[in-house]
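This report refers to the structure that appears directly beneath it.
The values are calculated or read from the model by the stated rules, or taken from the named source; none is laboratory data. In this text, all values refer to a predicted model and were calculated from it rather than measured experimentally. Neighbour counts are summed over all protein chains in view; Cβ atoms, including those assigned to glycine, are modelled from backbone coordinates with ideal geometry.
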Amino acid sequence: MVKRKKSYQKKRPIAVSIIAAAIVVLFLIRLYQVVTPLIQQQVFINGISSPLFVEGSLTPLCMAIITSTVYLILSVLGIIVLVGFLKVRHWSWVVLMAWTGVSLIISLIDYFYRRPNYIVMVSNVIIAFALNQADIQRIFGIRSDEGETIL
């Protein structure tokens, strides 16, 4: 009699580990982007001591707080997607593919009009190529070969 491997004993393809590592790199970059504007505005030293709005417009301090908040939300969402991805959830593949596409578009806009972040660009390209591998798509139930059942 042949013993079946239990699902938690199956080895993940190397591409899943590569994608997870790229997500962790993006998480660390986002954390850096959370802290940097606040350091530049000396929020950690002085606190929020100046007004956020002056004559109906946002001050640099308010823009730094908004930027940091957005990057913090992106960091938390990245960790949620990472957990779902490591648990091999179908939704995590879909969210990660959409996220990578949008991030690549933003990176291209930054490349042509602002200062590009090459680490983010490389991480997104690695994730996009890895997500499009047939074995990764089969694991997440995105692709099925004829005669093969989707897990």
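Tabulated data
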| item | result |
| --- | --- |
| Among residues of segment 104-151, those that are small (G, A, S), more than 20 Å from S17 (Cα to Cα) and surrounded by 12 or more Cβ atoms within 10 Å (Cβ to Cβ), counted | 2 |
| Matching residues, segment 40-53, being surrounded by 12 or more Cβ atoms within 10 Å (Cβ to Cβ) and either within 20 Å of V102 (Cβ to Cβ) or hydrophobic (A, V, I, L, M, F, W, C) (or both) | V43, I48, L52 |
| Sole exception among (1) buried (at least 17 other Cβ atoms within 10 Å of the Cβ); (2) at pLDDT below 85 for S75, by number | (2) |
| Residue among F44, F53, F27 that is aromatic (F, W, Y) and modelled with pLDDT of 85 or more | F27 |
| Hits in segment 16-67 (condition: within 16 Å of the chain's Cα centre (by Cα) and either over 24 Å from A128 (Cβ atoms) or free of Cβ contacts under 8 Å to residues at least 24 places away in the same chain (or both)) | S17, A21, L28, Y32, V34 |
| Contacts under 8 angstrom Cβ, first residue in segment 100-129 being without any contact (Cβ under 8 Å) to a residue 60 or more places away in the chain, partner assigned to a loop (DSSP other than H, G, I, E, B), 6 or more apart | S107/P116; S107/N117; D110/P116; D110/N117 |
| Residue satisfying condition, being surrounded by fewer than 17 Cβ atoms within 10 Å (Cβ to Cβ), on the phi < 0 side of the Ramachandran plot and β-branched (V, I, T), within set V16, V81, V70, V34 | V70 |
| Verdict on A98 being under 18 Å from the mean Cα position of the chain (by Cα), surrounded by 15 or more Cβ atoms within 10 Å (Cβ to Cβ) and of a type outside the set (D, E, K, R) | no |
